[in-house]
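The values are calculated or read from the model by the stated rules, or taken from the named source; none is laboratory data. Note that the structure is predicted; figures quoted are calculated from it, not measured. When we count neighbours, we look across all protein chains shown, and the Cβ atoms used for this are built from the backbone with ideal geometry, even at glycine. These accessible areas exclude ligands, DNA and RNA; they are computed on the full protein's heavy atoms, side chains included. Shrake-Rupley method; radii C 1.70, N 1.55, O 1.52, S 1.80 Å.
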Amino acid sequence: MLYIFCPHCGSRSQNEFAYGGDATVKRPELNKEVSDQEWDNFVYLRKSPRGKHLELWHHISGCRQWIKVERDTSTHEIFKTYKADELTE
Amino acid sequence: MSQDFRLDNIGMVNRDKKISFTFNGKKYFGYEGDTIASALIANGVHLVGRSFKYHRPRGFFGVGVDEPYAILQLERNNERDPNIRATEQEIFEGLEVKSVNCWPSVNFDIGAINNFLKMFFPAGFYYKTFMWPPSFWYKIYEPFIRMAAGFGEASIKHDKERYEHKYEYCDLLITGSGPSGLASAYAAAKNGARVILAEDKPRYGGSLLTSDVNIGNQTGVEWSEKIITELKSMSNVIVKNRSQVFGYYDHNMLVMSERISDHLPQTQKYLPKQRLWYIRAKEVLISSGSIERPLVFGNNDTPGVMLSSAAKEYMKVYGVLVGKKPLIFTNNDSGYETAIEFKKNGVNPLILDTRKEPSSDIVTEAKNLGIEIKFSHVVVAAKGYKKVKSADIAKISDNKKDLSNIENIECDCICVSGFWTPSIHLASQSGNKSEFNEKIDAFIPKKSKQKENTIGSANGKFTLEETINEAFDKGYEVSNKITENNNKVSMPTVVEKKSSEHDKFWCVPLPKGKSYKRFLDFQNDVAVTDIELALREGFRSIEHVKRYTTLGMATDQGKTSNLNGLQLVSDIENKVVPQVGHTTFRPPYTPVSIGAIVGREVGKHSKPTRKSPMHEWHEKNNAVFVDAGVWLRPRYYKQGNETLFEASKREAKNVRKNVGVCDVTTLGKIDVKGPDAAEFLNRVYTNAWLKLPVGKARYGVMLREDGIVMDDGTTTRISENHYHMTTTTAQAANVLSHLEYYLQLVWPGLNVNVVSTTEQWAGAAIAGPNSRALLTKLFPNSDVSNEGLPFMGYKEGDLFGIPAKIYRISFSGELAYEVNVESDHGNFMWEKIIEVGKEFQIQPYGTEALSTLRIEMGHVAGSELDGRTIPHDASLEGLVSKKKDFIGKRSLSRSSFTKPDREKIVGVVPLDKTTSIPEGSYIVKDPKAKLPNPKLGHVSASCWSVEYDNPFSLAIIKDGKNMIGQKLFAMSPLKNKTIPVEIVSSHYVDPEGKRVRA
């Protein structure tokens, strides 16, 4: 079970969190014309790398904040965690 | 009581407390502190089971977790517990155990015929023997395999025992209380670290209990007792015995099973049977020790052949002799220690040493004691069926290939020692790739992937001095990283006998003309010939060899067999062991009770149960409940002998005719507050929200980004910047996460806060033509007329002194209101509604009537909004704004979502007006069409229309709009029904919606 550092609460076990997927996806701005391809990429295309990955976790049984977690998907090593509005490196 | 094999002056069992138990129905005695194994051996019993495949007689091979043979079934308080290791289970008064895998008895086992049918059970026999003819599989092969499979029989009764889970955090977890575990725990604890020391046996000390050493001028046993006593007295240390750390998971999470009551006649009050510990440790020291490796020779599975370290432990810990004419077969000095122990207890052993001329303190001591030693000698084969009676021994050439001078000598046990295998399981589970150490012919951990270090013999350190030094250093080093106390304790001096090098010999060649079975894996009957066959058949990877031959599988997971198996594969393949590699070690290290894993999460406790504040009233009034997610909701209120069908019909009818009240507390409620709340709702919902006035509610639909409907519900503007959102019961949690996602990640600029208020409000839906009259009486001070509180209006009211919120919204399609009060007043509100409603013929209604009412109105719910439908499919396209953007809007213009024959919701009525249509039925044009019959769609919900008194269903079918009026068929292959139906509008009752506005 992973041990995730929540920037708001400190280190907590994985069972307090819900996984939120790829954090590098950017939603197209409201009212902006987007092509089918562009929209499809946003809705369906997710990175699933082996290795370092920036992903979203929701501290659902804690502070209810969405956080960004930089994790190695093959070793589960967590390098850094960020608040939702924090800029990532 | 006479125990022929019990020694008088040695052992740690409590001779003052006799304990009786039964084995296979026969009564035996032992002492407190005995295991089943030690007590049976003391009584001269060595035949305890039959092997898995050939049903060969089985005795005891080890003395602990590595035991491959002595797997018994325990009966305790009328409960069956299979897969009990006799070497671990302590006896208690009245204990009942029996052998498994034998019929009719362990002494006379019919299955032993397999031993003579060996040619039918080669490696991979599952894939060969049972293949042809295919028709045999179902009736003959499968039942046969099922009968033969497994050890023991699980109880099918509900387990009444209690199991607990515990979460613990520590600086340092140490797994094993042998010399390295004790020393490191002591050094770390003295340095201020919070330490957990886990020992799987009842007694602490590990190898110190049986070795002849001296630490700090004390014997090993005295030293370990002193250290344990001191550790137990320290507030920063938790010491646990009978506790096995069996799994090493991510981020230094380890799981340990503590057997609290397994050694007692029954679980004590306020204590569980077992406790599962989830331990998050900053650092881990693995001091799990090592397991002696067997030597491979003919019939080496005969009862009486056992590990030499086990024989020694039976003597020193339990005061039990495994035999009176022992043969020690060894390739290293460990066998000598056992021989010396025999000699000290008045038994004359014979040592066969594969080495030519070893010299060390221990060898010299054995010689001085007058023990007979034959160098360059091996056991060729054990003789005897149910117990070793003699052994064929021989001289072996220097190149270890040729045998000479074969002779038969009498013996009653053969104690083997093929050197030691470090227990690297936990390290391996942590992600640590192992490396092969040529010096000890075994794998040891390499580079840590997590915060762990392996110490002592688990790390290939086989002298006590090295072990103690390493353990003190590591205990200090890792604890100081955490505490920075710099408090280093001084190391004790260690006195031990020096040993000489072991011989790399491990398998005795077959003499000419003999075909003895030489077993590698004792639990699965995997012999040398099986591995040879697997390799001949092309299995090369060790993982494949394992699965094909079952080498290293089952309950002991090859603790004694893995390395010899690897040796053989590498010999045949002409490789070295590290090239072959080893199979993956996975948790659990030892079998764990399912009960311990499940813990308290059984039955009703497997998930939380949520109840509304009115729950007790429902119970008192004969409500029959249904699970709605984790909520319990009244499904119907039973009167007399009513069925579900009758009751729900009565309740629904009463709503249409008079007035009904339904508990809607379970609906999700979310408070949306902030200056940008309107803008936020406008982006979340498909319809327009900017112009909703204060005191008004609106129905809204929200989508996922892929255009699929996520949820629906009404949201009310309570004040300028405050909205009260409702969601469906099922989606409440998802919707809140969804809102938080957009507020925190996508539009952090919006000044809005959301919070769940589901549990803060109790809700009652009052529906039916009489509802306004009832409301007037409930709220005499409020104007609830059609003008004062119009459809989709909201106002606050005073309910007999309790502040209430009144929403004029309707799910039933009738004139209806929803009254909310703070949860604490829920029951008061409910009782008042029932009391005042009497004169209006009020009846409570449950979810079944609620469904009926909404289905015949064509209102969609979860069965239509099933994660596959877009607004159009549910006839909600009128709520989709063309002007503004919102979540998921762009998806709605995708080509598949705009095609003209897209599925749409319709109503379905059987032509005969009497046959109910099963939910899930397919709608087809031609019921006799060739399969697969092209389906137009499916029936999503069915009810008995109380308005028209005939069955009515909702269905989502292709080109639904143009299907209305058509005669089609509803087919349910599951119920074997084909029903001619007519497609009608989904708005079956009051299609203009006059009633809700009346």
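Results, tabulated for the structure shown:
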read-out: Chains A and B together, accessible area buried on both sides, 1.4 angstrom probe, square angstrom; value: 2400
read-out: Protein accessible area in segment B:497-616, 1.4 Å probe - carbon and sulfur %; value: 53
read-out: Difference of contour (0.36 nm per residue) and Cα-Cα distance, B:Lys512 to B:Asn621; value: 30.6 nm
read-out: Antiparallel DSSP beta bridges within the protein assembly as shown, as percent of all bridges there, nearest 5; value: 75
read-out: Estimated FRET transfer efficiency (B:Tyr699, B:Asp783; beta-carbon r; R0 22 Å; 0.05); value: 0.40
read-out: DSSP-defined beta bridges in segment B:143-270 - what % are antiparallel, rounded to 5; value: 50
read-out: Stretch gain in nm, segment B:Leu271-B:Asn486, where the contour uses 0.36 nm per residue and the Cα spacing is subtracted; value: 73.5 nm
read-out: Delta accessible area of at least 50 Å² on complex formation, residues of segment B:237-271, 1.4 Å probe, chain isolated as reference; value: B:Asp250, B:His251
read-out: Cβ-based charge dipole, segment B:899-991, positive-most Cα from B:Val989, B:Asn976, B:Asn933; value: B:Asn933
read-out: Under 15 Å, Cβ to Cβ, from B:Arg58 - net charge with Lys/Arg +1 and Asp/Glu -1; value: +1
read-out: Cβ-defined net charge surrounding A:Gln37, 14 Å radius [Lys, Arg +1; Asp, Glu -1]; value: -2
read-out: Dipole magnitude of chain B about its Cα centre (Cβ charges: Lys, Arg +1; Asp, Glu -1), debye to nearest 20; value: 1980
read-out: Peptides ranked, highest mean first, by Cβ atoms within 10 Å: ranges B:89-95, B:323-329; value: B:323-329, B:89-95
read-out: At R0 = 30 Å, FRET efficiency that the Cβ-Cβ distance of B:Ser916 and B:Ala628 yields, to 0.05; value: 0.85
read-out: Partner chain coverage, peptide A:60-67 - average Cβ within 10 angstrom; value: 3
read-out: Exercise: per-residue mean of other protein chain Cβ atoms within 10 Å, A:25-35; value: 3
read-out: Listed residue (B:Tyr794, B:Ser211, B:Val508) projecting farthest to the positive dipole end of chain B, Cβ model; value: B:Tyr794
read-out: Per-residue average of Cβ from other chains inside 10 Å of B:398-407; value: 0
read-out: Cross-link partners of B:Lys26 among aspartates and glutamates (Cα-Cα below 15 Å; sequence separation of 8 or more within a chain); value: B:Glu75, B:Glu93, B:Glu96
read-out: Within segment B:668-853: Cβ-based charge dipole about Cα centre, in debye rounded to nearest 20 (Lys, Arg +1; Asp, Glu -1); value: 380
read-out: Dipole axis of chain B (+1 Lys, Arg; -1 Asp, Glu on Cβ), positive-most option in B:Thr330, B:Val598, B:Leu850; value: B:Leu850
read-out: Chain A - percent relative contact order, Cα under 8 Å, separation 6 or more; value: 28
read-out: Solvent exposure ordering (accessible area, 1.4 Å, most first) of B:Val495, B:Val239; value: B:Val495, B:Val239
read-out: Mean Cα-pair separation over length for chain B, i.e. relative contact order, pairs under 8 Å, 6 or more apart, %; value: 9
read-out: Estimated [θ] at 222 nm from DSSP helical runs (n ≥ 4, -39500 (n - 2.57)) normalised by residues in chain B, nearest 500; value: -6000 deg cm²/dmol
read-out: Burial order of peptide ranges B:975-987, B:600-612 (average beta-carbon count within 10 Å, highest first); value: B:975-987, B:600-612
read-out: DSSP-loop GluC sites (Glu not before Pro) across segment B:626-729, with at most 13 other Cβ within 10 angstrom; value: B:Glu720
read-out: Cα centroid of segment A:32-89 to Cα centroid of segment B:164-189, whole Å; value: 37
read-out: Burial ranking of peptide ranges B:344-354, A:10-20, B:797-807 (average Cβ count within 10 Å, highest at the top); value: B:344-354, B:797-807, A:10-20
read-out: Spin-label zone in segment B:797-821 - amide nitrogen under 17 Å from a point set 7 Å from the Cα of B:Ser719 along the C-beta vector; value: B:797, B:803-806
read-out: For the protein assembly as shown: accessible area per residue (Å², 1.4 Å); value: 43
read-out: Mean Cα-pair separation over length for segment B:668-853, i.e. relative contact order, pairs under 8 Å, 6 or more apart, %; value: 20
read-out: Probe 1.4 Å - accessible area at B:Asp949, Å² to nearest ten; value: 90
read-out: Bins of 20 Å, starting at 0 and running to the largest distance - Cα pair percent for the protein assembly as shown; value: 11, 31, 27, 22, 9, 0
read-out: Length added when fully stretched, B:Lys451-B:Lys433, from 0.36 nm per residue minus Cα-Cα; value: 5.1 nm
read-out: Set of lysines near B:Lys805 by C-alpha distance (under 17 Å), chain-local residues within fewer than 8 positions excluded; value: B:Lys669, B:Lys696, B:Lys777, B:Lys795, B:Lys832
read-out: Calculated FRET efficiency for the pair B:Ile597/B:Met234, C-beta based, R₀ 30 Å, to 0.05; value: 0.45
read-out: Given charges at beta-carbon only (K, R positive; D, E negative), |dipole| of the protein assembly as shown in Debye; value: 1820
